[in-house]
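So the structure is just underneath, and the comments pick up after that.
Only the coordinates and a few stated rules stand behind these numbers; no lab work does. Here the structure is a predicted model, which is why all the values come from computation and not from measurement. Please note: Cβ atoms are built from the backbone with ideal geometry, for glycine as well, and neighbour counts cover all protein chains shown.
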Amino acid sequence: MRKQYAVIGMGRFGSSVAAALYAEGNEVLGIDKKEAHIDEHKESVTHAVIGDSTEEETLKAVGIRNFDTVIVAIGDDIQASILTVLLLKEMGVSHVVAKALNKNHAQVLYKVGADKVIFPERDMGERVAHQLMAAPNVLNFIELADEYSIEEIKVPGSMNGRSLKEINLRAKYNITVIAIKERDKIDISPDPYKKLHDDDVLIVIGENKDLVKFEKTE
């Protein structure tokens, strides 16, 4: 489903997240106070705005409350990062994801309201974009190659009380269950006749296009 994202800070990391979200057909707004960053990346987002995110008027002008998720990817200015997150939450933005430079920075970001804090590496933008777009029941995501991934996903309600053999995910979705998490233990190569419960977590592997189909199962 097409969603609306705003990325604040269009440096190396922020621009890669924005481009990956935009490539998947989402509406993406890029915001940066440096005109050079906006000029460089304006073709890889839906809209691009030059502005200071620490000023409430800038955020109001772009209708920031209307976005499903706002990613604060400000570079080395910790103060601006913290103030931006604080403003976003005060203005009612429901989901704010913020980039942290270190552990102390992350702690402050959580205290001022960030819903998720990440410690990105240079090439993590695309992976973060995937996680942002994943269904709510997807708990974790590991990219193995361009087309293959491993995901941890909650057992859909429709599969509660059924066995892996009954569900036959390989035939229906072309994915493979490699383990099941049950509370504090992991069952590797689980018995195909074992009944699933709605609080179990499936660890599955497959092509990204097939995993996306499975994510939509209710």
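Overview of results
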read-out	value
³J(HN,Hα), Karplus 6.51/-1.76/1.60, whole Hz, each residue of region 202-218, x for Gly, Pro	8, 9, 10, 10, x, 6, 4, 5, 6, 5, 4, 4, 5, 4, 7, 5, 10
Span per principal axis, largest first, for the Cα atoms of region 4-133 (Å)	34, 31, 26
Acute angle (nearest 10 degrees) that the helix 12-23 long axis makes with the longest principal axis of the chain, alpha-carbon atoms	60
Amide H contacts under 5 Å for Ser149, placed H, 5+ residues apart	Leu144, Gly206, Asn208
Estimated Rh, the chain: Kirkwood, alpha-carbon pairs, angstrom	18.7
Cα-centre dipole for region 138-215 with unit charges at Cβ (Lys and Arg positive, Asp and Glu negative), debye to 20	380
Cα-centre dipole for the chain with unit charges at Cβ (Lys and Arg positive, Asp and Glu negative), debye to 20	620
Share, in percent, of DSSP beta bridges within the chain that are antiparallel, nearest 5	55
Value of [θ]222 nm, deg cm²/dmol, for the chain, DSSP H segments ≥ 4, -39500 (n - 2.57) each, nearest 500	-9000 deg cm²/dmol
Qualifying lysines (Cα of each under 29 Å from Cα of Lys42; at least 8 residues distant if same chain)	Lys3, Lys33, Lys34, Lys60, Lys89, Lys99, Lys116, Lys209
For region 138-215, the fraction of alpha-carbon pairs in successive 5 Å shells from zero, as %	3, 16, 30, 29, 15, 6, 1
Proportion of all alpha-carbon pairs of region 17-94 beyond 14 Å (%)	61
Part-to-part distance (alpha-carbon centres) for region 181-218 and region 93-113, which is given in Å	30
Which of Val93, Ala48, Leu109, positive extreme of dipole for region 4-133 (C-beta unit charges)	Leu109
